[in-house]
Ligand SMILES: [Zn+2]
């Protein structure tokens, strides 16, 4: 039995491990993207609360969050599908009401 160096699951042979690794690495990558994007989402929410801005272009967002525009695009795509989007809109609505 050979253990996967990432998740520790055991495999009968190298071939089975290799097949699994492709999937396992991808999953780890996805999870770390998710953690990173969650942190960015919080930064963005704080920024929106302060500025009360509802529209950003990708390059502005990239600059504000200190990320590349490619990452910013991926982040926006992720954000729109996440629960943070609703939170962001809620925070924005509250911030706009206060002014
Ligand atoms: Zn694994």
Expected 222 nm ellipticity per residue - DSSP helices of 4 or more, -39500 (n - 2.57), all of the chain, to 500: -26000 deg cm²/dmol
Part-to-part distance (alpha-carbon centres) for region 57-77 and region 25-54, which is given in Å: 10
Sequence-separation-based contact order of the chain, relative, with Cα cut under 8 Å and 6+ spacing, percent: 22
Quarter of Cα convex hull surface for region 2-98, i.e. mean projection, nm²: 7.4
Rounded tilt (10° steps) of 83-98 against the dominant C-alpha axis of the chain: 10
Residue order, fewest to most beta carbons within 10 Å, for 24, 7: 7, 24
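No value in this document is a laboratory result; all are computed from the given coordinates. Computed from a predicted model, the values in this text were never measured in an experiment. Ideal geometry is used to build each Cβ from the backbone, glycine not excepted, and the neighbour counts take in all protein chains shown.
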